[in-house]
Each structure stands twice: as C-alpha cells, then as structure tokens.
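Below is one structure; the comments refer to it alone.
Derivation of every value follows stated rules applied to the coordinates shown; laboratory data play no part. Treat the numbers as computed from the prediction; the structure is a model and nothing was measured. Glycine also receives a Cβ, built like all others from the backbone with ideal geometry; neighbour counts cover every protein chain displayed.
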Amino acid sequence: MQQTSKPAPGGPAAAAANEGDGDPRDQLVQDRLEYSGRVGRFLYGLFPAVAIPAYMVLWQGNIATMLAFWMQFTAEGYFVYLLTGSNSMLAIVGMARSLPMVVVAPVLGTLADRVDRLNMLVAAQAAGAIVAAVVAALIFLDLIEPWHLVVGALLGGVAIAANFPARQALVMSIVGRKYMMNAVALHTTSIGATRILGPPVAGAVLAFVSVAWCYASTAVLTALAGLYIRRIKAPPVEMPNRRVSFVRDILGGYLYVLRSPQLRPVVITGVVISVLFYSHYQFIPAIARDVLLSPEAGLAILSAASGAGGLIGALVASRLDHIRRKGLLLFAGSMLFGGSILVFAQTAWLLLAAAMLFLAGLGSGLAQATNGALLQLLAEDHYRGRMGAVQLVLWGLTPIGAIPMGILGDATSSSFAVGLAAAVGLGLLLVLLAAAPQIRRLQV
C-alpha cells in the first residue's frame, strides 16, 4: 500500500487535530450558503473563505493595499523618468524597491513569528502610507530630488516586506487548514486583478490631476486599508520561546525548510519558477517587436493574455482546495507554466504566442497559489511568518534569472534566451520529481 510522506513536525497533523470536526468556520460557511440569495449562494459556493467575516475584511483590505501598490509603482516609474530621463535611475529605483524582498524579508518574517501579527500588519500599512505621504509632500513643495525617490522606494519595499509575512500567517490562523488553499488563491487573484487595474487608474490620475496627487491617493488608500483591517479579531497564536536569540530564529527558519522533506521540494520548485520561468516577462516587449513584428498591438495582446491567464489560474486554484495531492498540483502548474513559455519562445505567430502566454499565466497562477498554500499548510504555526518571508524571497529572486538571460539575449536573441531558460527549468523539475518522490505522495 502506498504511504504518504510524514508531515512537518507538529504541523498539519497537529493542526488538524486541534481543529477537529466541530470547526465554527464550517458553520459560518453553511449559514452563508443557507441564508444568502441566489447570487450569494453562488459566490460563497465558489469562494467559501469569504464567508468567514475576518477573512473577508482582510481580503478587502488586501485589494485596497495592492491597488495602491500598483498605482504607486506606475507613478514611480513615470516620475523617475520624467525627473531624470535616465534608464539607469529607473533600474536603481526598481532595485531599491525589490531589494528588501530578499534582504529584509527573512528578518521581518521572523518578527512576524514573535509579535502580534495583526498589529505588525497594521504597522506595516501605516509605514507604507507615511512613505507615500512624505514623497507626495516633497513633490507638492517642489523639493523632490531623485535620491528621495530611491529612499522612498527602499522604505516602501521594507513596508511590503513586513506586510506580506504577517498577512500570510494571519490568513492561516483565520481560515484554518480547510479553506487555506481557497484563501491564498483569492489573495493571488486580488494581486493579479489590481495589477491590471492599478496602472490605468494611476494613468488617469497622472493625466488629469498630477503625480503628487497620485502618491497622495495611494497614501490615503493604504492608511484606510490599515484602519479597516484593524477591526479583525484574530485567534491567539502560541509564540516560540523568547529566550532564543532573534538571529538564531532567523537561521532556524531556513534550517526548518532544509530539514523538512516536504518543504524542501516545494521551495526548490519555487526557486525554479522564479529564476527561470518568471523572467520571461522582462522579454515580452523585445519578442513582440523583433520576432512577432508587432511592438505596440502585439505587446498589448500578449500582456493581456498573460494577465488573464494568471487571474483564471488563481481562480481555478481556489476551487481545488479539496484535492489532497497538492504536491502533484504544484508540479502540474509548474510544468504547464514552463512548457507554455518554451512553445511561446519558438513561435513567430502572434495568436499562438498569445495562447501560450495565456496558458503560462494559467500555470503560473495555479503554481503560485499552491506554493503559497503549501508553505503555510506544511509549517507549524510559529514558523508561518518565516514561511511567508520565504515566499517573498522567492519572488525577489527573479532578477537573478533575468540578468544572465538579458546578456544571452543580447548575444543571440530574446526568444532563444527565454526558450533555453524554460527548457532548463523543465529539466530541473523532472529531476526534482524523480529525486524527491515525496512531492508525488504529498497529501494535505
């Protein structure tokens, strides 16, 4: 008889035992389904996590926060180039915003496992709002300098690096194991939706008002989201032994991953996706111009196809929480992601390229949601902040793949570099599947 791999120490099995059969969250979902109208029953049937009031508040706050993030991201790039006319400064500001994901996130993820996570999340919202408000004030007063934008991007990145681990760990404590996949997928969906909506909203504010008011509006939106989520009554979390040093706790998070036969392949899969698959986004404009010979319309079609696929992939993942073999689900989404990119890199036909990017987005949304859910489901409660930080670090690894791919693309072609990275990634995933059979047997 086939055996399932053992859970991480004190993790899923212990959590499941604690929740038991009489979980009040199940009753909340059933009440919503029973007493809502036809539309409500349909929505709660698709997304049961939003029937839990605390999660609904957290999810709505996340939508507002991510809308503000993408608006500010758009305004930042626009204003940096307007102020300096320098591509190098664009890269510096972008790196300043991304750097905390890799450098500071492990520290802040550890902090999320030692303090009240809701208070930390609200503090991160306040910090992000203050940074945006200060930049807006400097622009209003005509005192802004390029270095202000670099510092603002860096501090804004730190706020995001504090926000994400606390939020991810809080989701698990609110919705429980049964609805975790649904909740993480909905969070992923909100990120994708606001990524599509945020830039046009920012563009409208930039066109009809000013860049200062765009920054000011993101500050207000972020602050209001923080005040809104303050209403949440989160269940208490058992904190680790505070006599352990903070540095030892940071290292303990990495050791926890390395020692877990379940978490290791999940994280390795995330590294492959981030470094070798996600980097293709940087080269879509070049492929649209040089290979598909459609620099404007082609870029718009490809970007829309990729974004739509990502949204649908996350929505599909939200409906697959009943599938216990989530290791195979992660592998399937990752292979679809990489395989579609490989075909995309070989075609000179715009419609086929768009179809492949749609499928790549579908696989990406499925893999990303499953990866995030597994990191939380497989961890003990007092490690979940650090697992949120691990996920953020994985996202921050994308430039590691993009830089050598860019050099190779200059020497050969963008499509060759993207295709080679996808092929290498697919090969590594197949090796991982053979070398770590526990990912095939993983059931949560």
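Summary table
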item	result
Region 181-195 - phi-based ³J(HN,Hα) in whole Hz, Karplus 6.51/-1.76/1.60, Gly and Pro as x	4, 4, 5, 5, 5, 5, 4, 4, 4, 5, 5, x, 5, 6, 5
Simple label model, 7 Å out from Cα along Cβ direction - T412 to S210, nm	5.0
Radius 12 Å from Cβ of R167, net charge of other residues (Lys, Arg +1; Asp, Glu -1)	+2
Farthest toward positive dipole pole in region 253-444 [+1 Lys/Arg, -1 Asp/Glu at C-beta], among L329, L292, P261	P261
Simple label model, 7 Å out from Cα along Cβ direction - R319 to R231, nm	3.0
Computed [θ] at 222 nm, helices only, for the chain once each DSSP H run of length n ≥ 4 contributes -39500 (n - 2.57)	-26000 deg cm²/dmol
Region 306-391: chymotrypsin sites (Phe, Trp or Tyr not before Pro) in DSSP coil with no more than 12 other Cβ atoms inside 10 Å	W349
Separation between Cα centres of region 349-388 and region 141-200, rounded to whole Å	16
Extension gain (nm, one decimal) between Q443 and L43, 0.36 nm per residue minus Cα-Cα	141.3 nm
Separation of the I400 and L351 label points, Cα + 7 Å toward Cβ, nm	4.1
